[in-house]
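Okay, so here's the structure we're looking at.
The values are calculated or read from the model by the stated rules, or taken from the named source; none is laboratory data. Computed from a predicted structure; not experimentally measured. Note that we place each Cβ from the backbone using ideal geometry, even for glycine, and neighbour counts take in every protein chain shown. Only protein heavy atoms, including side chains, enter the accessible area calculation; ligands, DNA and RNA are left aside. Shrake-Rupley method; radii C 1.70, N 1.55, O 1.52, S 1.80 Å.
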Amino acid sequence: MLSYQHAYHAGNFADVHKHLTLYAVIHHLLRKKSAITYVDTHAGRGLYPLSATETQRLQEYREGIWPLWQARSTLSDPLLNAWKEELTSAQPIPETLTHYPGSPWWLSHSLREQDHLRLFELHPGEHEQLNAQGLSPHAQRVFGDGLAGLTAMLPVITPRLCVLIDPSYERKAEYQEVAETVVFTLEKARHGVVLVWYPLLPAGHHHTLLSSLKESGVRKIWRSELLLREPGEQAHGMFGSGMLVINPPWGLDQRLAAAMAEITPLLGAESRYQADWWVEE
Ligand code: SAM
């Protein structure tokens, strides 16, 4: 039984971290003409009106996209500015932030004639809402399990593969399942670019994912984390957002470091960004 709905969290600091990283990866991949298959294993609804009852309940976007949007005319980093232009194009009323785009939107908007996109979603209501979005005709929406779906479609027919794995981690076992799926994916597509999002929670469940990958023999795992606050003893709830990028495009670390240096202070006095190679070449 799935209870997580991303609309409660749309546009929060973790979305900003995740989608900026995804955008930077896509932006780099588009420099070459050869076709790309994108897979989004946990798609969600695709586009989130900030006025929705669910989103208004927690208003997490106020510690995420909102302060960035307020500062948009002062941003100087080229990656941030390109990302901001895309974000602006998602708004029905120009210059008014009313919608936050989810990963299917970011992926669909980058699709070229030669590329493919498959979006998996297992929640019937979320899948229905995803179906209602006006995405590219090259975006295929599948009602089903994303990790099993990804595994079943490998190897892909295009020369390049880019996967986003962004589960809700409602079950602890998902951390291990994600690690196993990443290993399988790279066995079938050695040069595939795989992005994995994980929450930083006081219980530290993400260490299962990180240590499984380290022990698996997978190389070139870059880790990037955005902490909204320090994990103090009294901490509860998600205090940070983590991303692994396996086979990251050259220079991604520097481009993101520059962009994050500009936006991290806007997210709060305690916020902090850190990145390193979890597993090197
Ligand atoms: N990737 C989305 C984005 O960035 O906009 C957010 C995804 S949200 C964190 C996780 C989504 O995965 C939820 O919509 C949930 O219903 C869906 N989900 C949960 N288990 C799934 C599974 N086994 N396969 C596919 N989707 C699943």
Quiz item: Can you give the convex hull volume of the alpha carbon atoms of region 137-281 per residue, in Å³?
Solution: 140 Å³
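On average, how much accessible surface per residue is there in region 111-174, in Å², for a 1.4 Å probe, leaving out ligands, DNA and RNA?
Details: 3150 Å² over 64 residues.
It amounts to 49 Å² per residue over region 111-174.
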Quiz item: Residues in region 2-22 near a label at THR53, defined as backbone nitrogen under 19 Å from the 7 Å Cα→Cβ point?
Solution: 3-10
Quiz item: Which of the lysines could a cross-linker span from LYS84 if the Cα-Cα distance has to be under 17 Å and same-chain partners fewer than 8 positions apart are dropped?
Solution: LYS18
Self-check item: Volume per residue of the C-alpha convex hull in the chain, rounded to whole Å³
Solution: 127 Å³
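With n ≥ 4 as the cut-off for DSSP H runs, can you work out [θ] at 222 nm for the chain, using -39500 (n - 2.57) per run divided by the number of residues, rounded to the nearest 500?
Working: 10 runs with 101 residues, N = 281.
Estimated from H runs of four or more residues: -10500 deg cm²/dmol.
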Self-check item: Overall Cα dimensions of region 54-130, principal axis frame, Å, largest first
Solution: 38, 38, 20
Quiz item: If you bin the C-alpha pair distances of region 16-81 every 5 Å from 0, what whole percents do you get?
Solution: 3, 12, 17, 21, 18, 16, 9, 3, 1
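Going by average Cβ density within 10 Å per residue, which order do the peptides 164-170, 187-193 take, highest to lowest? Provide the component values of the computation, followed by the final result.
On the way: 164-170: 20.9, 187-193: 15.9.
Answer by packing, highest mean first, reads 164-170, 187-193.
Cα-based Rg of region 151-226 per 2.2 N^0.38 Å, rounded to two decimals? Please list the in-between numbers first.
Working: Rg = 12.6 Å, N = 76, 2.2 N^0.38 = 11.4 Å.
Computed over Cα atoms of region 151-226, the ratio equals 1.11.
Expected output is a single nm value to one decimal: the length gained when fully extending between GLU262 and ALA90, i.e. 0.36 nm times separation in residues minus the C-alpha distance. What is it? Present the calculation step by step, with values, prior to reporting the outcome.
On the way: separation 172, 0.36 × 172 = 61.92 nm, distance 2.25 nm.
Computed gain between GLU262 and ALA90 is 59.7 nm.
Provide the gained length on full extension for the span GLU281 to ALA132, in nm with one decimal, where the gain is 0.36 nm per separating residue minus the Cα-Cα distance. Mind showing how you got there, number by number?
On the way: separation 149, 0.36 × 149 = 53.64 nm, distance 4.21 nm.
Gain on extension, GLU281 to ALA132, equals 49.4 nm.
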Quiz item: To the nearest 10 Å², what's GLU270's accessible area with a 1.4 Å probe?
Solution: 110 Å²
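Using Cα pairs closer than 8 Å and at least 6 residues apart in sequence, work out the relative contact order for region 45-154, in percent. Before the final figure, lay out each step's value.
Details: 102 pairs, mean separation 31.6, N = 110.
Computed over region 45-154, the figure is 29 percent.
Find the Rg to Rh ratio for region 1-136, where Rh is the Kirkwood radius over alpha-carbon pairs and Rg uses the same atoms.
Values: Rg = 14.8 Å, Rh = 15.5 Å.
Value, to two decimals: 0.95.
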Quiz prompt | Pairwise label distance in nanometres, LEU2 with ARG171, each label 7 Å out on the Cα-Cβ vector | solution = 1.3 nm
Quiz item: If one puts a single equal scatterer on every Cα of region 129-181 and applies the Debye formula without solvent, what log₁₀ I(q)/I(0) results at q = 0.12, 0.16, 0.29 Å⁻¹?
Solution: -0.36, -0.64, -1.28
Self-check item: Alpha-carbon spread of region 213-281, three principal axes, descending order, Å
Solution: 36, 27, 12
Exercise. Bin width 5 Å, alpha-carbon pairs only: give the P(r) of region 187-238 as whole percents, running from 0 to the bin holding the largest distance.
Key: 4, 14, 24, 22, 15, 11, 6, 3, 1
Quiz prompt | Accessible surface of the chain, 1.4 Å probe, proportion on carbon and sulfur as whole % | solution = 53 percent
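Report the full-extension gain for the segment THR158 to HIS205: residue separation times 0.36 nm, less the Cα-Cα distance, to one decimal in nm.
Working: separation 47, 0.36 × 47 = 16.92 nm, distance 3.44 nm.
13.5 nm is the gain from fully extending THR158 to HIS205.
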